[in-house]
1. Leaving out ligands and nucleic acids, and using a 1.4 Å probe, what accessible area per residue does region 12-84 come to in Å²?
2. In a shell of Cβ-Cβ distance under 14 Å around His36, excluding His36 itself, what net charge do Lys and Arg (+1) and Asp and Glu (-1) give?
3. Quick check: net charge around Met22, other residues with Cβ under 10 Å of its Cβ, Lys/Arg +1 and Asp/Glu -1?
4. Over region 12-84, with every protein chain in place, what whole percent of the accessible area is carbon and sulfur at 1.4 Å, could you tell me?
5. Let me know the shape class of region 43-85, please: from the alpha-carbon gyration tensor, a ≥ b ≥ c as square roots of the eigenvalues, rounded when a/c is under 1.5, otherwise prolate if a/b is greater than b/c, or oblate.
6. Among Leu75, Met63, Gln41, whose Cα projects farthest towards the positive end of the dipole of region 12-84, with charges put on the beta-carbon of Lys, Arg (+1) and Asp, Glu (-1)?
7. Kirkwood Rh and Cα-based Rg: tell me the resulting Rg over Rh for the chain, rounded to two decimals.
8. Hey, what number do you get for the chain at 222 nm if only DSSP H runs of n ≥ 4 count, each worth -39500 (n - 2.57), divided across all residues, to the nearest 500?
Amino acid sequence: MTKHQQSYQPGPIFHDAFLAGMRALGSSSREFADRHGVNFQNIRGYSTGWSNGPKAQLMRDAMIEEIGPDLFAALYAKRLEQERV
């Protein structure tokens, strides 16, 4: 596991937090994919854990870094809170 992922489980909550963070930064998952040289269509698989190999783990870490660990943590926690209601 990479440095940020110990706290986060891949899945819909991770994916939603990533998308919200990208929107907050005025960017998109397509732009993220382009910057990191991956197929845009694979982003959901990486973030939800459908794809869970070494590349997916590196991409999830890159997703957290892209929006910033603090912002990601806040978005993940908020989305997790919504799930529990």
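The values are calculated or read from the model by the stated rules, or taken from the named source; none is laboratory data. No experiment lies behind these values; they were computed from the predicted model shown. In this analysis, Cβ positions are derived from the backbone assuming ideal geometry, glycine residues included, and neighbour counts consider all displayed protein chains. Calculation scope for accessible area: heavy atoms of the full protein, side chains included, ligands and nucleic acids excluded. Shrake-Rupley method; radii C 1.70, N 1.55, O 1.52, S 1.80 Å.
1. 56
2. With Lys, Arg at +1 and Asp, Glu at -1, the neighbours total -1.
3. Charge balance in the 10 Å sphere: 0.
4. Ligands and nucleic acids excluded, carbon and sulfur reach 51 percent.
5. oblate
6. Working it through, the farthest residue towards the positive pole turns out to be Gln41.
7. That ratio equals 0.93.
8. Mean residue ellipticity, 222 nm, calculated: -20500 deg cm²/dmol.
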